[in-house]
């Protein structure tokens, strides 16, 4: 995903990275620092339930950032996007895909137009047999179309199933089975598990505009 951004936006060599202040946000910052070839001129944490971002917005506005990435999954991230745009900050905004969920897009309002979101390859309109089967089963049970988080859970369960069938229900058996998954074909695409059991799955960058998403790169 970072390579996708760097190739598509080579002019963005200085970035403000704003992250939710928890283990998820800190790990996202570390991952970005390890991969981004440019400079993170701002690294600022915010709270899960924050609503006033004047301090952060001011820092971004008067920095030499050429873009800003927001890593978060609560409504505070959506409000942060909104307040950046209300401050007339025109540099490109990139955000974690959780902030593209309907509830967060609603909170962001018109400020969401033009925002770039990292996203999985999951597509609820896909004709792929694996994806279609999942979508139809999900709609039948829950009466709505699944989102990326539902797809995550679905693939995770089947990864666990694969590990258990191979090595049993013990902790060590599950760990060994998961660590051997190198080409899991699921609704998120082809995924693999690293030795530390982090799951690597394909991502793309999409841009939101007029109630729809357009793929930019992957």
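Values quoted throughout were computed directly from the atomic coordinates according to the rules given, and no laboratory measurement underlies them. Note that the structure is a prediction, hence the values are computed from the model and not measured. Methodologically, a virtual Cβ is constructed for each residue, glycine included, from the backbone with ideal geometry; neighbour enumeration extends over all protein chains shown.
Over the residues of the chain, the helix contribution to mean residue ellipticity at 222 nm works out to -12500 deg cm²/dmol, using -39500 (n - 2.57) for each DSSP H run of at least 4.
Using only Cα atoms, find the angle between the long axis of helix 129-142 and the longest principal axis of the chain, and express it within 0 to 90 degrees, rounded to the nearest 10. The angle comes out near 80 degrees.
Short to long, the 10 Å bins of the Cα pair-distance histogram for region 56-144 hold 16, 39, 25, 14, 7, 0 percent of all pairs.
Expressed as an acute angle from 0 to 90° and rounded to the nearest 10, what is the orientation of the C-alpha long axis of helix 148-167 relative to the principal long axis of the chain? Helix 148-167 and the main axis of the chain meet at about 40 degrees. Taken over the chain, the alpha-carbon convex hull comes to 137 cubic angstrom per residue.
Sorted by packing (mean other beta-carbon atoms within 10 Å per residue), highest first, where do 11-22, 72-83 land? Intermediate values should be presented prior to the final figure.
Values: 11-22: 19.6, 72-83: 21.8.
Most protected by this proxy first, the peptides run 72-83, 11-22.
Between the helical axis of 75-86 and the longest alpha-carbon principal axis of the chain there is an angle of about 30 degrees. The equivalent ellipsoid that matches the C-alpha gyration tensor of region 136-184 spans semi-axes of 27, 11, 8 angstrom, in descending order.
On the principal axes of its alpha carbon atoms, region 118-218 extends 49, 32, 19 Å, with the longest extent given first.
Taking 0.36 nm per residue of sequence separation and removing the Cα-Cα distance, the residue 214/residue 113 pair yields an extension gain of 35.2 nm. The label-point distance for residue 61 and residue 87, in a model that sets each label 7 Å from Cα toward Cβ, rounds to 0.6 nm.
Multiply the residue gap between residue 196 and residue 153 by 0.36 nm, knock off their C-alpha separation, and tell me the result in nm, one decimal place.
On the way: separation 43, 0.36 × 43 = 15.48 nm, distance 1.91 nm.
Extra length from residue 196 to residue 153 when fully extended: 13.6 nm.
Taking 0.36 nm per residue of separation and subtracting the Cα-Cα distance, full extension of the segment from residue 185 to residue 35 would add 51.4 nm.
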